[in-house]
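Novice: There's a structure below that I have some questions on.
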Amino acid sequence: MRVLAVFRKTVREQMRDLASLSMVLVLCPLFVLLYWLIAGGGSTSYKILVINNDAGMALEGQGVVREGDRLVEALRALKYQNGDPMLRVEVVKDRAAADESLRNRYAAALLVFPPDLSRMLHAPQEERMRFDPVILSGDANNVAFAIASVLSFTALEAVVQSLGGYDPPFHWKEEFIGGAKPRSEFDAYVPGLLILSIILLIFTTALPLIREREEKTLRRLRVSRMSPFDLLGGVSLAQLAIGALSVVLTFLVAVALGFRSEGSLIAASVVGIVCTASVVAVGLVTACFCKSATAVLTIGTLPFFLLMWFSGAAMPITRLTLFHLGTRQFALNDVLPPTHAVIALNKILAMGASLGDVGYELAMLAALTVVYFAAAVWIYKRTQLRR
Amino acid sequence: MGAQPRRTVLEASDLRKRFGDIMAVDGLSVSVAEGEVFGLLGPNGAGKSTTINLICGLLAADGGEVRLFGEKVTPGAEVVKRRVGVCPQDIVVWPKLTCLEQLVFTGEMYGMRAAAARRRSDALLAELGLAEKRKKPAAMLSGGMKRRLNFALALVHDPDVVILDEPEAGLDPQSRVMVREYIRAMAARKTVLFTTHNMDEAERVCDRVAIIDRGKLLILDTPDNLKRTAGRKGEGGGTLEDVFIALTGRRLRE
């Protein structure tokens, strides 16, 4: 079968191009390792600075109490599920130096406790607004500030409520859909890193096809009985095999570094592999419009950025719904395969869903793979095999 | 010289191809018989490679037609894929594949089974003096060896018609003699069409030669007749090169 012959040839060529092969195989596991190192072994600890001006107050039978110190301890006690601290708290004295740290993003937030913090916390609730406020300072453009603010507020609120002996303004309870529990940042970022690495296959899929053109071997193949389906199918199978290996390696590295999944990693790997097939098909379409390796690197950035930014792989994206299919919404970004992979991986890894639960997403990925592959065969025949 | 021409295998009639303002092939008509070694001679830019591309169906003609074994050749024609082997002018090999791997791969692309392609590849490598290099990647071969491999790739599927675009270019004298003898030996079983501007090569190998320039056929005959006719007309007459220069002029080409 000619498809298999092209597959074997492409694999051989790829195996003999170790630099490019290792880029594809190792890139994602390496990203995961790097992120783990940057995230301090699994979770980001946000550095916050505290200027504790609290003078304390004497309480009958307790001597002098300093609630500022207690709040600092509460901030330090905030932990991820794996026991890692959420906040790295540094008590400082110099406000100017602290502001400079915020500007340089050496720290995410600054808390300034007023001198009569203890008196404020022990005052009746209706009198507290008369005291100087606790100041929370930071760079509003820094995402870390937003996260550190929420975390700090959560820690402080609990202490303040226990001191004042009052309940929250209303009764509320957090519920997590699908049984999802709070996960470390590392757990949350691994799927996104995986999808981004899969998207890079656009380039590695297009390049072998362009090499056939640049080395003029395509001319030799054009007078043979090889069809566009044979060539594109064989190259796709080779890239799929390499991509699948990369997906499995990525999960193995992630697990070795402490990655936790609510669902089956085999199911997640299946989603990753089907997503790989769809991205490979997009890579084939890209190759149809390129005449050189340089063109792949320039023209290829268009699908790369489309898949990265508008699929929700890099960050959550608003869905522009076009129509409804039963209970399903079909949005414009649903034509981008990673959109479905992002949703499916989240369901499996964070909510413990099974493969059956992500059947719709898998079906959409498979359908998009077929559509893009068929389009690539049709366009390739017209743009690369005709003169 | 060689086998007597039999039935017509290849027939080009009033073939035309234009690229912008340039008429690359202009009303060319030739026919090649079975078992014949047919040379297409012309200076650079004469239209030799375009003619070959039209014959192989790599280009669509603007006018006229090509028939192979009686079947009209169109881009992607099945008759070409089934019965023709093409050796391009450039060295067109897969640098990372070994000699054997690329021959087997090419055979498979022509529909051969892997085992048959391997047997045929081994035989070709031995015949063309590449047996010792069968497991070497093409990138590691010398220029002459790559040329021979380029030649072998056109033959791996055992085609009935072999089209060679300047097969001796870049070969050392030993390799040139080897390829020349190989072409002559092939003529017993195959029809060979090849382009060259090496007159010595054409004279030694071809049963008939056509000299073309600016896409037009200037003359077509056996090398001996060409030399005789040209000699009588006072257009040189010593060698085929004299005939060629007399017909195409001394002006340098691109």
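Novice: Given the conditions (1) in contact with a Ser or Thr (Cβ under 9 Å, 6 or more places away or on another chain); (2) surrounded by 21 or more Cβ atoms within 10 Å (Cβ to Cβ), and given that B:L59 satisfies all but one, which numbered condition is not satisfied?
Specialist: Here B:L59 meets the rest and fails (2).
Novice: Of the numbered conditions (1) more than 14 Å from chain A (Cβ to nearest Cβ); (2) within 14 Å of the chain's Cα centre (by Cα); (3) of a type in the set (G, A, S), B:A12 satisfies every one except a single condition; which is it?
Specialist: B:A12 satisfies every listed condition except (2).
Novice: Given the conditions (1) under 20 Å from the mean Cα position of the chain (by Cα); (2) within 12 Å of chain A (Cβ to nearest Cβ); (3) assigned to a helix (DSSP H, G or I), which single one is not true for B:F105?
Specialist: Here B:F105 meets the rest and fails (1).
Novice: Within the range A:263-291, take every residue that is hydroxyl-bearing (S, T, Y) and within 22 Å of A:V358 (Cα to Cα) and give me the one that is surrounded by the fewest Cβ atoms within 10 Å (Cβ to Cβ).
Specialist: A:S264
Novice: Considering only residues that are in a helix (DSSP H, G or I) and closer than 15 Å to B:M199 by Cα, which ones fall in the range B:213-230?
Specialist: Those that are in a helix (DSSP H, G or I) and closer than 15 Å to B:M199 by Cα: B:P223, B:D224, B:N225, B:L226, B:K227, B:A230.
Novice: Given (1) surrounded by fewer than 19 Cβ atoms within 10 Å (Cβ to Cβ); (2) more than 10 Å from chain A (Cβ to nearest Cβ), identify the lone condition not met by B:I52.
Specialist: Unmet for B:I52, out of (1) surrounded by fewer than 19 Cβ atoms within 10 Å (Cβ to Cβ); (2) more than 10 Å from chain A (Cβ to nearest Cβ): (1).
Novice: Of all the residues that make up the range B:126-140, how many are assigned to a helix (DSSP H, G or I), touching a Leu at 6+ places or on another chain (Cβ under 7 Å) and away from chain A (no Cβ under 11 Å)?
Specialist: 2
Novice: Select, from A:G234, A:G263, A:G258, A:G243, the only residue that is at pLDDT 95 or above and either of a type outside the set (F, W, Y) or more than 25 Å from A:F310 (Cα to Cα) (or both).
Specialist: Going through A:G234, A:G263, A:G258, A:G243 in turn, just one is at pLDDT 95 or above and either of a type outside the set (F, W, Y) or more than 25 Å from A:F310 (Cα to Cα) (or both): A:G234.
Novice: Give me the residue from the range B:29-47 that is modelled with pLDDT under 90 and closer than 17 Å to B:K17 by Cα and, out of that set, surrounded by the fewest Cβ atoms within 10 Å (Cβ to Cβ).
Specialist: B:N44
Novice: What single numbered condition from (1) over 28 Å from the mean Cα position of the chain (by Cα); (2) free of Cβ contacts under 8 Å to residues at least 60 places away in the same chain; (3) within 14 Å of chain B (Cβ to nearest Cβ) fails to hold for A:R2?
Specialist: Result: A:R2 passes all but (2).
Novice: Given A:T327, A:T294, A:T321, A:T298, which one is touching a helix residue (DSSP H, G or I) at 6+ places or on another chain (Cβ under 9 Å), in the same structural domain as A:V223 (by TED's automatic domain parsing) and among the polar types (S, T, N, Q)?
Specialist: Within the list A:T327, A:T294, A:T321, A:T298, the selection yields A:T321.
Novice: OK, next. Restrict the check to the range A:212-222 and report whether at least one residue is more than 26 Å from A:T369 (Cα to Cα), under 17 Å from the mean Cα position of the chain (by Cα), in the same structural domain as A:D17 (by TED's automatic domain parsing) and of a type outside the set (F, W, Y).
Specialist: no
Novice: In addition: Would you check if there is a residue in the range B:151-162 being in a helix (DSSP H, G or I) and surrounded by fewer than 17 Cβ atoms within 10 Å (Cβ to Cβ)?
Specialist: no
Novice: While we're looking at this one, here's another question. Would you mind telling me which numbered condition in (1) within 11 Å of chain A (Cβ to nearest Cβ); (2) farther than 18 Å from A:L385 by Cα B:E71 fails?
Specialist: Going through the list (1) within 11 Å of chain A (Cβ to nearest Cβ); (2) farther than 18 Å from A:L385 by Cα, B:E71 breaks only (1).
Novice: On to the next question. With a cut-off of at least 1 residues that are more than 14 Å from every other protein chain (Cβ to nearest Cβ), name the helices (runs of 4 or more DSSP H) lying wholly within the range A:198-285.
Specialist: Per the criteria, A:201-214, A:228-256.
Novice: Do we find a residue being touching a Cys at 6+ places or on another chain (Cβ under 8 Å), on the phi < 0 side of the Ramachandran plot and either of a type in the set (F, W, Y) or exposed (fewer than 13 other Cβ atoms within 10 Å of the Cβ) (or both) anywhere in the range A:353-371?
Specialist: no
Novice: Are any residues in the range B:108-125 of a type in the set (D, E, K, R) and either touching a strand residue (DSSP E or B) at 6+ places or on another chain (Cβ under 7 Å) or more than 9 Å from chain A (Cβ to nearest Cβ) (or both), and if so, which ones?
Specialist: Selection gives B:R113, B:R118, B:R119, B:R120, B:D122.
Novice: Considering the range B:187-197 alone, what residues qualify as being surrounded by fewer than 20 Cβ atoms within 10 Å (Cβ to Cβ) and modelled with pLDDT of 85 or more?
Specialist: Answer for the range B:187-197, where residues must be surrounded by fewer than 20 Cβ atoms within 10 Å (Cβ to Cβ) and modelled with pLDDT of 85 or more: just B:R189.
The values are calculated or read from the model by the stated rules, or taken from the named source; none is laboratory data. Please read these numbers as outputs of a predicted model, since none were measured by experiment. Note that we place each Cβ from the backbone using ideal geometry, even for glycine, and neighbour counts take in every protein chain shown.
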